[in-house]
Amino acid sequence: MKKKILCFFELFVIILLLLGCARQHGNARIEFDAPSFKADGQGKVKVSGVLKNGEQGSLKANINTKNTVVRVKNNGKFDFYYDLKNIKDDRVYLGIESRGIIIGNEIKIEISSDLRDSYLLSGQNIVRKYKSEGYTVLNSHEMTNQDLENFGLDSDKLDAMSTMQFDLKTESDNFAKVRIFTFNSSENLQNAYYYLLSKTRLFPYHVERVTNDQDINKRIPLNVIEPQVYQNYINYLENVKGMPLLDSWVYQSSKEDSGYVLIQQDATINSSIAGVHERIINDLLSENGME
């Protein structure tokens, strides 16, 4: 009888232990030390927290799909550093394996506006890409406010993050100017695009039509010209001698959270080459968004 009681007691203790372990295992969770963590100026984030009711030691873990090891102290605390990959990388998912089960949680990452801007496509990125594509690029430099004024441009109206200018060798072995303007939003890009258009020739046939102002009304009936186009055309006539950016290629390209780019190229660059340059920019925007 005593044996039966002893066996029953031992079985009861084992069941309690198993239930306790199961309860502890079932309550295992990750708690972070803050509602969010802020990335520093280099895009590095310190993440810290506690693994509740879990194992301690060097545990297998997964941080945003990357396999790694997280050191969990005896009190359950852990911390590690995470490097942002791009602007969209604004959350960290952490999974820690404890007693054969993955315990997971995620936390938001705060990215400052300055850090965000540093991840956007820059003029230097574009110049390097031109060179890697085999183009001869000379005299690349950041444009000053005075440089912009020399071309009839107001830096405040452009509101660009960066402005680059360089000489590009053309098919005829001459050099043409290329100017790159980068922005931190689609709105700023669009405003600058319209502003730059107001400083350039809108249509190829305007070159012939400005040679004789008397023929304007005959060649372009005013009643069929949209007001905005007509105003830009008048602007062209009034400033044709003082607008160095006339006769040029102007185009914009952007990808959200990757870059916002405006390109102006001298007209001595032919249309096929200008198209290749636009493809280069679009490729860069796609690549920058995936990094």
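The values are calculated or read from the model by the stated rules, or taken from the named source; none is laboratory data. Computed from a predicted model, the values in this text were never measured in an experiment. Backbone-built Cβ (ideal geometry, glycine too); neighbour counts: all protein chains shown.
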Unique residue being of a type outside the set (S, T, N, Q) and touching a Leu at 6+ places or on another chain (Cβ under 7 Å) when the list is LYS85, LYS129: LYS129
Among (1) at pLDDT 90 or above; (2) crowded, with 16+ Cβ neighbours inside 10 Å, ARG209 falls short only on (1)
If you go through the stretch 94-102 one residue at a time, do you hit one that is surrounded by 13 or more Cβ atoms within 10 Å (Cβ to Cβ), among the hydroxyl-bearing types (Ser, Thr, Tyr) and in the same structural domain as LYS73 (by TED's automatic domain parsing)? yes
From the list SER186, SER140, SER172, SER155, which one is more than 24 Å from ILE273 (Cβ to Cβ) and touching a residue at least 24 places away in the same chain (Cβ under 8 Å)? SER186
Does ALA160 satisfy the criteria of being aliphatic (A, V, I, L, M) and either surrounded by fewer than 18 Cβ atoms within 10 Å (Cβ to Cβ) or outside any helix (DSSP H, G or I) (or both)? yes
Does ILE111 satisfy being in contact with a strand residue (DSSP E or B) (Cβ under 7 Å, 6 or more places away or on another chain), under 26 Å from SER36 (Cβ atoms) and among the β-branched types (Val, Ile, Thr)? no
Residue check for ASN86: modelled with pLDDT under 90 and closer than 21 Å to TYR260 by Cα: yes
Among the numbered conditions (1) of a type outside the set (Phe, Trp, Tyr); (2) assigned to a strand (DSSP E or B); (3) under 25 Å from ASN282 (Cα atoms), tell me where ILE126 comes up short. (2)
Among the residues of the stretch 26-57, count how many are among the small types (Gly, Ala, Ser), closer than 18 Å to TYR93 by Cβ and in a loop (DSSP other than H, G, I, E, B). 5
Considering the stretch 70-95 alone, what residues qualify as being over 21 Å from the mean Cα position of the chain (by Cα) and over 16 Å from GLY57 (Cβ atoms)? TYR81, TYR93, LEU94, GLY95
I'd like the residue in the stretch 112-157 that is small (Gly, Ala, Ser) and within 18 Å of GLU187 (Cβ to Cβ) and, out of all such residues, is surrounded by the fewest Cβ atoms within 10 Å (Cβ to Cβ). SER113
Considering ILE107, ILE87, which residue is surrounded by 15 or more Cβ atoms within 10 Å (Cβ to Cβ), assigned by TED's automatic domain parsing to the domain that holds GLY41, part of a strand (DSSP E or B) and not acidic (Asp, Glu)? ILE107
Of the residues in the stretch 112-129, those that are aliphatic (A, V, I, L, M) and without any contact (Cβ under 8 Å) to a residue 60 or more places away in the chain number 1
